[in-house]
2 protein chains.
Amino acid sequence: MLKARVHITLKPGVLDPQGKAVQHSLSALGFDGVEQVRQGKYIEIDLADGDRTLAQERLDAMCRQLLANTVIENYAIDILE
Amino acid sequence: MLKARVHITLKPGVLDPQGKAVQHSLSALGFDGVEQVRQGKYIEIDLADGDRTLAQERLDAMCRQLLANTVIENYAIDILE
């Protein structure tokens with residue numbers, strides 16, 4: 001079995017209203033000096049097959065077809081053990 | 001300036017309907033062998049101050065007070081420079 005971690009983040013320059021809302025909330029709670037907050041997604045996927053190269057290709061396809069909106073988002077795949 | 005990365009994940013045993021939905025969608029798209037999907041949040045925070053120890057404490061407080069629901073979620077903080 002393979003475990004994969006996928007990070008999906010907004011591309012630089014794309015507005016992040018969710019991150020801005022978190023930043024304002026932190027400021028309202030008294031946390032000063034928070035210059036920027038960007039919020040993304042973190043997905044852990046367990047795959048049955050053990051071939052890393054094949055898994056990388058399939059995870060790449062999953063990101064392009066479902067997990068990420070590649071117009072505005074970047075994705076990064078880490079395959080563990 | 002310090003850059004921090006925060007991962008917020010559901011505690012083991014807590015049901016993840018969002019992850020289940022992603023798993024079913026992947027299966028419907030023809031991706032076999034996806035055994036489990038768990039979805040979490042990934043937050044990048046830029047802090048003005050440069051003291052790592054202080055930053056770690058403040059980020060910990062941010063997670064407990066706003067970013068994570070510690071009843072059902074774990075959080076992990078990585079501070080980059």
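Miscellaneous remarks
- All positions within region B:57-72 that are surrounded by fewer than 15 Cβ atoms within 10 Å (Cβ to Cβ) and either not in a helix (DSSP H, G or I) or not hydrophobic (A, V, I, L, M, F, W, C) (or both): B:Glu57, B:Asp60, B:Arg64, B:Gln65, B:Asn69, B:Thr70, B:Val71, B:Ile72
- Single residue of region A:37-69 satisfying the filter (of a type in the set (Asp, Glu) and more than 7 Å from chain B (Cβ to nearest Cβ)) that is nearest to B:His24 (Cα to Cα): A:Asp60
- For region A:16-56, a residue qualifies if it is among the polar types (S, T, N, Q) and crowded, with 19+ Cβ neighbours inside 10 Å, and the qualifying residues are A:Gln23, A:Gln39.
- For region B:1-15, taking the residues that are in contact (Cβ under 8 Å) with a residue 12 or more places away in the chain and under 15 Å from B:Asn69 (Cβ atoms), the one that is surrounded by the fewest Cβ atoms within 10 Å (Cβ to Cβ) is identified as B:Lys11.
- Here B:Val6 qualifies as within 10 Å of chain A (Cβ to nearest Cβ) and among the β-branched types (Val, Ile, Thr).
- Here B:Tyr42 clears all of (1) hydroxyl-bearing (Ser, Thr, Tyr); (2) in contact with a strand residue (DSSP E or B) (Cβ under 6 Å, 6 or more places away or on another chain); (3) assigned to a helix (DSSP H, G or I) except the condition numbered (3).
Every number here is computed from the coordinates shown, using simple stated rules; none is lab data. As the structure is a prediction and not an experimental result, all values here were calculated from the model. As a convention, Cβ positions derive from the backbone with ideal geometry for all residues, glycine included, and neighbour counts pool all protein chains shown.
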